[in-house]
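Nothing in this text is a laboratory measurement; each read-out follows from the coordinates by a stated rule. Not measured: the values here are computed from a predicted model. Neighbour counts run over all protein chains shown; Cβ positions are idealised from the backbone, glycine included.
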Amino acid sequence: MVQMNKTIVSQPIQPLISQLRGNPLEYNRFYGTVGQAVQTPLAKLRTYYYHVQQIQLPMTPDEFNAKFAASIPLFVQDVGPCPGTQTNATFAAGTNEPFVVLGVGVVAIGKGFGFSLPGRMVPQPTAGTTGNCVPVVEGCPAAGQHDAVLDYGGAGWRGIEAFFNAFRLQMAVWRRYLVLDESLFDVGMVPDSPEFVGAGHALISASPYVREVNDILADKGCNLRFLPQNHAGTECLGAPTAEVIYGHNAIRGVGNRIFCLNQPIIYLPGMRFDVQFQRVENDCCFLEDMRRAFVLDCANPTLPDAQFGDTFCSASGFPGVYTVPGGCISLGVVLTGYALTPAACLDYLINLVPGSIQTQMIQGTPFVNDIFRAAERDDSLRKMLSGLPADQVQKTKNMLSGAPQGEVMNRG
């Protein structure tokens with residue numbers, strides 16, 4: 001890492017740290033000595049912190065604009081029942097224990113199958129009234145109706161592909177030290193997406209997914225509903241089915257595995273994870289790809305050209321078409337590394353170099369004082385300090401007690 005305008009910038013290099021398993025000395029090789037802490041097999045415990053949000057399709061235009069803004073902060077409280085949020089971090093304090101971040105991965109998982117079903121968008125049934133009759137769907141659209149396609153699953157695939165080209169991943173410490181700033185297609189996807197052995201096509205029952213999407217449209221205030229064709233003249237058609245393909249797109253990143261930081265970063269309790277998706281500069285198409293994949297604008301069907309109106313020249317019906325995306329996707333990040341025992345954490349602190357970037361990153365963290373106070377009461381920790389000059393220990397405590405300095409990191 002190098003310091004540029006009081007910001008630490010991570011340069012993309014081939015990761016050196018892939019797995020730190022077995023002998024704790026491997027940890028020392030990359031992260032520096034932890035001294036007596038290596039004598040215990042519990043000096044480090046494999047740990048993950050994650051923050052994942054669910055997005056239920058279709059999105060409204062306002063939902064899309066609010067969600068996929070210039071920056072999307074992670075590890076923050078997201079209000080509302082959907083998108084749902086899953087995390088094992090503490091929003092107020094970030095990490096729950098001393099934690100060394102070794103690598104990061106992007107979670108972007110959609111449905112494991114996709115299908116398209118033709119039909120029609122019709123006016124919603126009368127609110128609060130049960131037993132409304134179902135409109136017949138055949139021939140040309142009647143007044144208030146438009147031809148439509150339910151695009152279930154595949155819309156999420158296309159949106160995820162565009163997302164990896166439209167955003168970068170940034171990770172900072174104290175909103176000042178930028179330790180990661182990489183394109184998402186470099187970072188790659190983790191864990192593996194749903195996949196199937198072999199290839200082929202089959203039929204899938206579409207009715208449950210039609211109902212799911214219509215319930216979402218009702219919840220989001222859309223005054224239209226999707227119906228598949230249900231009549232052919234005087235004949236009723238059977239239950240709707242559609243050809244389905246199983247699989248999922250996979251974006252592995254430059255390392256074909258979790259993306260490793262150039263240098264591991266330690267987080268202490270009280271330090272929040274400052275991670276965000278940041279929109280790339282000069283994007284002329286990928287954000288709009290995401291919009292087309294995720295959004296249904298109930299007020300505006302798609303016409304073949306902006307100069308055309310929603311009428312045929314010499315026939316009845318309405319040429320505007322709705323594409324109705326469906327499915328649920330998960331977007332977020334996973335931070336992987338090690339939880340440190342108090343002995344390993346204390347050893348790290350007393351070996352910090354005054355004035356180093358690592359020192360500046362943890363200055364002023366309340367946990368520093370807590371662990372030095374614990375060393376006065378705990379025999380095993382006190383032994384770690386007994387061989388050091390008292391003035392060195394005091395200088396270390398004084399060095400780490402200051403509040404973090406510097407400007408707030410530019411977020412956009």
task = Evaluate the distance, in nm, between pseudo-label points positioned 7 Å from the Cα of Glu195 and of Cys133 along their respective Cα→Cβ axes.
result = 5.3 nm
inquiry  = Going by amide H atoms built from the backbone, whose H comes under 5 Å of the H on Phe167, apart from near neighbours?
reply    = Leu184, Val280
key: Estimated FRET transfer efficiency when R0 is 41 angstrom, pair Glu97-Ala202 (beta carbons, to 0.05)   = 0.30
request  = Work out how much length Asp219 to Asn249 would gain on full extension: take 0.36 nm times their residue separation and subtract the Cα-Cα distance, in nm to one decimal.
outcome  = 7.9 nm
inquiry  = Sort Asp181, Asp370 by Cβ crowding within 10 Å, fewest neighbours at the top.
reply    = Asp370, Asp181
task = Compare the peptides 340-351, 285-296, 65-76 by average per-residue count of other Cβ atoms within 10 angstrom and give them in order, highest first.
result = 340-351, 285-296, 65-76
Burial ranking of peptide ranges 357-364, 123-130 (average Cβ count within 10 Å, highest at the top) = 357-364, 123-130
ask   = Full extension from Arg211 to Thr234: what is 0.36 nm times the residue separation minus their Cα-Cα distance, to one decimal in nm?
value = 5.8 nm
note = Amide H contacts under 5 Å for Ile265, restricted to residues at least 5 apart in sequence or on another chain and with H modeled in the peptide plane, are Val101
